[in-house]
1. Test of understanding: in a Gaussian network model of the chain with alpha carbons linked when under 10 Å, which of 254, 213, 161 would top the mean-square fluctuation ranking?
2. Give the percent of DSSP beta bridges with both residues in segment 65-220 that are antiparallel, rounded to the nearest 5.
3. So how do 259-266, 270-277, 73-80 stack up, highest first, on mean other-Cβ count within 10 Å?
4. Going by C-beta contacts inside 10 Å, put 166, 279 in order with the fewest on the left.
5. Taking the beta-carbon count within 10 Å as an exposure proxy, list 147, 284 from fewest neighbours to most.
6. Mean residue ellipticity at 222 nm from the helices of the chain, using -39,500 (n - 2.57) per DSSP H segment of n ≥ 4 over the full residue count, to the nearest 500 deg cm²/dmol?
7. Take 227, 282 and order them by how many other Cβ atoms sit within 10 Å, fewest up front.
8. Between residue 328 and residue 265, 0.36 nm times their residue separation minus their Cα-Cα distance comes to what?
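Each reported figure results from applying straightforward, stated rules to the coordinates on display, with no laboratory input. The shown structure was predicted, so the numbers you read here are calculated from the model rather than taken from an experiment. Here the Cβ positions follow ideal geometry from the backbone for every residue, glycine too, while neighbour counts run over all protein chains shown.
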Ligand code: PMP
């Protein structure tokens, strides 16, 4: 069996050890005689899988006791709606930081429920940087402040947590959660679609502070209330059981590898190596301000865009796939989440070097 290096932004590579364990357990999970896919979510077997996954995630992220962890469906995109519905709590306005495509989607959705105040934006810089915290115009009466710590498309990442005082801070961590340690206590809500660092698509993780639960706006559908899911331990309806199980295997894998500090070291090393190569090349370039370059998604362009097609074709032949940049920005993008081995990044760099020799 041969595995290729897949640089997809998501769904993305999963750790090979996790896939092997899932394959071994596919037909008969630990002597139960059935697959996890076939289990009732209320069975003692699945409840043990679910509880272990939550306990491991809590340990990895050192999640304080006054936070609930929800394992839901609907993707991060549903959180663009659930956040205002649950967090406005009678207020009329929320602050949003606009750093790229995903921020914009969150902003557009919140605009259906409240006055969205754009407290800072890097749109005029074509989303290649993050507005300095001292230039943000936060509203002290805002219901919450929402930002996107890692913009998956633009490859722009916050490397520190912005101080927003007492207003709850809400983060769409879809493409950065579990890439490094994070101080959860600084946040009101953290949410993430699973399909990057966490597991397969279909699962969305929400970490929400207790005091923000239970005051959803009138008319909030039952399924869109954090309270519904918090009270039911994410089992109000059928949760995405298999994705939850797979996420649990990923959490164990991260723990075995040394936890989030170890992940951060490896991720930083991989990203530094790729950016250093790009910066020293006359042929490849990355437009993002070096202070806010993403460790997870590395966009780059070729000096001759007419070679884009050839680049992708030859990369594929070399076993390096899904390097095409997002359709909104073009060029290339290498997503290098936790499961991308260091050898994958080395193989990409070696290919990029070779490509210049042959074609430029
Ligand atoms: N936010 C960010 C930062 C993302 O990268 C994505 C998916 N690429 C989304 C939101 C949307 O997530 P989903 O497809 O799970 O709704």
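1. 161
2. Rounded to the nearest five, the antiparallel share is 50 percent.
3. Going by the mean number of other Cβ atoms within 10 Å, highest first, we get 73-80, 270-277, 259-266.
4. Placing the least packed residue first, the sequence is 166, 279.
5. 284, 147
6. Using -39500 (n - 2.57) per qualifying helix, the result is -10500 deg cm²/dmol.
7. 282, 227
8. Result: 19.6 nm gained on full extension.
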